[in-house]
Amino acid sequence: MDTLLHTKNLTIHFGGLIAVDSVSCSMGNEVLGLIGPNGSGKTTFLNLVSGIYSSTGGKIEFQGQDITRLKTHEIRSAGIARTFQTNRLCEKLTVLDNMLLGLYSKQNTSWWKVILSQKTHYRELKENISTCLEVLGYFNKNLIDRKYELIDTIPLIDRRRIEIARALVSNPSLLLLDEPTAGLNQEETANIVDDLKRVREKTHTSIIFIEHDMGVISTIADRVIVLNAGKIIAEGSFEEISKSEEVRTAYLGS
Amino acid sequence: MTENKIYTHKIEKLLPSLGVVVFFAALAVAITGSLWSTLIILIGMTGLLIYGEKHGQVDRAYIRVEERRSSTLTVLIICIVLLPFILKGNSYFLHIAVMAGIYAIVALGLNFQIGSMGQVNFAPAAMFGVGAYTSAMVTVRLGASPWIGLIAAMIVTAGMGIVFGFPALKTRGFYFSLVTIALQTIFILLVVNTEWLGGPNGIPGIPAFSLFGQSLKKSGMLLGTPIPYQMNYIYLTFTLLLLLIVISKRLYSSRIGLAWNAIEEDEIVASTQGINLTKVKLLSFSIGSVFAGIAGSLYAHYTSFIGVEDFDFNKSLIFICMVLLGGMDNPIGVTIGAIMLTVIDEKLRIFADYRMLMYSIILIVVLVVRSQGLLPKRNRKYPLGEEN
Amino acid sequence: MLYAQILNAVMLGCTYSLVAIGFSLFFGVLDTVVFCAGDVAIFSSFSVVFLVQLIGFYNIFFGLFNPVAALLLTVIVAAIFTAILMVLLYQLVIKPFENKSSLMPLLSTIAAGIALRELIGIFFPEGRNPRSFPELLSNERILQELPGISWRNAIIIVATILIVAILYWFINKTKIGLSIQAVSQNREAATMVGINRNLVIYVTFIVGGLILGFGGFLIGSYYAVIRFDLGAGFGLKGFSAAVVGGLGNVYGAIVGSMLIAFAEVFVTAYIPGGTAYASIAAFVLVLAFILFKPEGVLGNKSVEKV
């Protein structure tokens, strides 16, 4: 299996707090679940990989390229897209505009071309819009008709879907999902899990996702990494993890 | 997926053009009429816009204009050409129209920061001043042509825009606003204390633009009636204004405008979508400043005298007022806001003492009652159907 | 020479610091900048002028009380006027924008400041001309051997220290003061433990209004001549001082005021032709702080929330 993402001694501390403590791991084309108690550094790990934080030590390699010092937007262009734990769509923009934002890194028309001529710009825009609608329709056909509606009229589950779609639309090699089912009820959770499965089948995009719901983990994760206090304490398939004594102590407290 | 044609009667096809004509007629009456007629027209216009917005008429109007873009544009241009004659060739009335155009250009530039990116820049007047002073210095001190002055003003303001925009990379919100207030104040203090820039006395004797060897400051004769030179400036200013509105609209509907909106809402999300924050933010400041620079150059070569009080903090506030009143992130709205405020400002000249009081009250009322402005931002609709 | 300059800077710093404390107090509870604080302070100066004229006109108070009591009464009444004005301003231009973009109250308070100064200019008799501020504090030296220390200067410094001391006591020792601190540090948590946020805000605006009121009196006494548009400058300097010291930190506001005052006074004194560049120096200092140390001298560096 080719290595897609590889981290070596990845560390970050905020003042005295070491949030991620020399994490070394690698993943290939797979769905990786990231679990651990609150404050164990899961979200911080995603923030490091997506370039929102810059690490205080260690290295991140993506498809053989060192991305440790790349800026956030460069990492998106390199092919890592993400969602956030709290739904972070642009509320004052329409569904379609939010989707188009996801394609920002794939658009080439520079500002002066936009000013000088609309033709190339429109051609590109048209292609992009059809891509966006296609991806949206993949999640929920209704959203295509609601493309010109503002985000605040859209129900939570569909917002979650739009956020995932926005990340997927640029066809990334790695998708980072921060608690995709947070705040959803059981039925909605099942829907999202179903969506993710279909996405995986169709695009073969690698996924790292943070999750608290063990049911979700066991359904879609090929492999699980358990973090506690910023360190990896266990790694392996869900069955292996669930048997680990150390993981139980971390979750239940000693 | 074609948009449904909304109009049912033939006459409705003419509505956009009719709207333009009515707008210009109202504008002409507002400029030439007594104070009361001006107030009635402006209040009527405000009411009409708010009513239309509430009942979806404005949205329909937008669609109609899109459908009949070329004819609307033609009518608009004819109206502009006729504007000096509608204004009875009176040089004072023409002057008001020129100033409205110049201020609208500054407001359009400011809109890139306040409207699109949500960063309140309190230094548009300083940038307007940088443009005016650059153009004036190049022509008065170096003896270059005003056109060279205009280009120099554009180049210098583009650079200064990056300098003024630099703080926006590091801070936002109040901190950024404080930075721009400080820069605005520093600009005034520097000009007042620099002898070379005319100090507190300003710069007199700035040459006018000339075209084909003809100075635009020369009054002409048309069909035996004298036409004041302000007419030339109306054409020049409104041509540029029209051009800059088109540029603003194009930027708005492009990915750049979208990126600015995303930055306004959430910088981190914007950067995770692949938006280069540094580049896109500086672009907003740089383009906005070039707009102000063009306006400044026009102003300098129009009035032939510039003084530091034309570019002080109060002026900045007036520009902000124009953007807020007109409608943030809507170039047409901003232009209408700028024109309305300029006209009313000139009409209230006799009550000069109450001027700033009026602006501050307008600002508060707009913020409390209608913070989205008279003609609010429109959701982007894209030409999905076949191009016709 | 140096001694005189230091004294000058301290005096200037005192006049800035009360305005800066106002900014910090309001920012603490509201997370927004109340930009009209400078104009509110100048409103207080004009209130004092008004009251003194009134009192002088009827000549009642000087007949009834001794001069010190009359002076105190004047200042306290002016401060109460100012506090009422502050609460009114909160109702009119700040409260409507709760839970909205924080830039809206910034704009509305700037507009309110302008409206206030224009109203003074229009409605105060000859409001647009510079007014001489009544010499309520004697300009005589306390001791002949000590140049520069007049009764006026001494009272300004002592009053500033006294106000800060009372504020310290109020914030740290009273229940409502502790609530103000709680709201400043964490609004949600404070509401959860049952603190009445509205009450806290009103109390803060009253306290802030009183401080600005006393500040206006001290500013008037120090400058001896006041203008209706002085507030713009004081607002800007006060806000700058609050930012330099660490926005939201009351003690930082004092440090920031002193830093800015020292920068201004020393540029004026030691750089040839420096008078013109004093304000520029102050603003350059602010720019440097905002860009490179935005948390200010005493503020805490907060980790950006993601």
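Among residues of the stretch A:99-121 that are at the interface with chain B (Cβ under 9 Å from one of its Cβ atoms) and modelled with pLDDT of 85 or more, none has a Cβ under 8 angstrom from a residue that is outside any helix (DSSP H, G or I) and open to solvent by 20 Å² or more (accessible area, probe 1.4 Å) at a sequence gap of 6+ or on a separate chain.
Within the stretch B:258-268, being surrounded by fewer than 24 Cβ atoms within 10 Å (Cβ to Cβ) and outside any loop (DSSP other than H, G, I, E, B) holds for B:Asn261, B:Glu264, B:Glu265, B:Glu267, B:Ile268. Checked across the stretch B:31-49, the condition of being of a type in the set (Ser, Thr, Tyr), closer than 29 Å to B:Leu298 by Cβ and open to solvent by less than 20 Å² (accessible area, probe 1.4 Å) holds for at least one residue. Selection of the stretch B:330-354 for residues being modelled with pLDDT under 90 and either at positive phi or among the small types (Gly, Ala, Ser) (or both) yields only B:Ala352. Can you find, within the stretch B:363-382, the residue that is farthest from the other protein chains (Cβ to nearest Cβ) among those that are free of Cβ contacts under 8 Å to residues at least 60 places away in the same chain and crowded, with 20+ Cβ neighbours inside 10 Å? Per the criteria, the residue is B:Gly373. Being among the hydrophobic types (A, V, I, L, M, F, W, C) and open to solvent by 20 Å² or more (accessible area, probe 1.4 Å) is the filter here, so list the residues in the stretch C:255-279 that pass it. Matches in the stretch C:255-279: C:Val255, C:Met258, C:Leu259, C:Phe262, C:Ala263, C:Phe266, C:Val267, C:Ala269, C:Ile271, C:Ala276.
Determine whether B:Gln119 is more than 17 Å from the chain's Cα centre (by Cα) and open to solvent by less than 10 Å² (accessible area, probe 1.4 Å).
Considered against the rule, which asks whether it is more than 17 Å from the chain's Cα centre (by Cα) and open to solvent by less than 10 Å² (accessible area, probe 1.4 Å), B:Gln119 comes out as yes.
Of all residues in the stretch A:24-33, none satisfies being in contact with a Ser or Thr (Cβ under 7 Å, 6 or more places away or on another chain), at pLDDT 90 or above, within 14 Å of chain B (Cβ to nearest Cβ) and closer than 23 Å to A:Leu196 by Cβ.
Taking the condition open to solvent by 10 Å² or more (accessible area, probe 1.4 Å), more than 14 Å from chain C (Cβ to nearest Cβ) and within 30 Å of C:Gly274 (Cα to Cα), does B:Ile162 pass? Judged against the criteria, B:Ile162 is a match.
Only one entry in B:Val156, B:Val191, B:Val130, B:Val138 is within 14 Å of chain C (Cβ to nearest Cβ) and either open to solvent by less than 40 Å² (accessible area, probe 1.4 Å) or not small (Gly, Ala, Ser) (or both), namely B:Val191. Answer yes or no: is there a residue in the stretch B:186-195 that is under 30 Å from C:Ala288 (Cα atoms), in contact (Cβ under 8 Å) with a residue 60 or more places away in the chain and not aliphatic (A, V, I, L, M). Looking through the stretch B:186-195, at least one residue is under 30 Å from C:Ala288 (Cα atoms), in contact (Cβ under 8 Å) with a residue 60 or more places away in the chain and not aliphatic (A, V, I, L, M). Looking across the stretch C:238-249 at every residue that is on the phi < 0 side of the Ramachandran plot and within 13 Å of chain B (Cβ to nearest Cβ), the one that is surrounded by the fewest Cβ atoms within 10 Å (Cβ to Cβ) is identified as C:Leu247.
One residue alone among B:Ile268, B:Ile320, B:Ile339 is closer than 30 Å to A:Lys92 by Cα, within 12 Å of chain A (Cβ to nearest Cβ) and among the β-branched types (Val, Ile, Thr), and that residue is B:Ile268. Restricting A:Thr131, A:Thr181, A:Thr94, A:Thr153 to those that are in contact with a His (Cβ under 9 Å, 6 or more places away or on another chain) and either at pLDDT 90 or above or more than 9 Å from chain B (Cβ to nearest Cβ) (or both) reduces the list to A:Thr181. Checking B:Pro200, B:Pro207, B:Pro228 one by one, the residue that is open to solvent by less than 30 Å² (accessible area, probe 1.4 Å), in contact (Cβ under 8 Å) with a residue 60 or more places away in the chain and more than 27 Å from B:Asn111 (Cα to Cα) is B:Pro228 and no other. Restricting attention to the stretch C:70-88, the residues that are in contact (Cβ under 8 Å) with a residue 12 or more places away in the chain and more than 16 Å from the chain's Cα centre (by Cα) add up to 5. In the set C:Gly252, C:Gly235, C:Gly299, only one residue is within 13 Å of another protein chain (Cβ to nearest Cβ), modelled with pLDDT of 85 or more and open to solvent by less than 40 Å² (accessible area, probe 1.4 Å); that residue is C:Gly235. Within the stretch A:130-185, the residues that satisfy the criterion of being in contact (Cβ under 8 Å) with a residue 24 or more places away in the chain, open to solvent by 40 Å² or more (accessible area, probe 1.4 Å) and part of a helix (DSSP H, G or I) are A:Thr131, A:Tyr138, A:Asp152, A:Leu156, A:Arg159. Of the residues making up the stretch C:258-294, those that are part of a loop (DSSP other than H, G, I, E, B) and either modelled with pLDDT of 80 or more or facing another protein chain (nearest Cβ under 10 Å) (or both) are C:Ile271, C:Gly273, C:Lys293, C:Pro294.
As a summary of the residue check, B:Ala270 satisfies the conditions (1) out of contact with any Cys (no Cβ under 9 Å at 6 or more places or on another chain); (2) at pLDDT below 95; (3) farther than 19 Å from B:Ile188 by Cβ except for the one numbered (1).
Contact map, the stretch C:120-136: first residue in contact (Cβ under 8 Å) with a residue 24 or more places away in the chain and assigned to a helix (DSSP H, G or I), second residue of a type in the set (Asp, Glu) and open to solvent by 50 Å² or more (accessible area, probe 1.4 Å), Cβ cut-off under 8 Å, separation 6 or more or different chains; pairs are C:Gly121/B:Asp353; C:Gly121/C:Asp229.
The values are calculated or read from the model by the stated rules, or taken from the named source; none is laboratory data. Because the structure is predicted, anything quoted here is derived from the model rather than measured. For neighbour counting, all protein chains shown are included, and Cβ atoms are generated from backbone atoms with ideal geometry for every residue, glycine included. Calculation scope for accessible area: heavy atoms of the full protein, side chains included, ligands and nucleic acids excluded. Shrake-Rupley method; radii C 1.70, N 1.55, O 1.52, S 1.80 Å.
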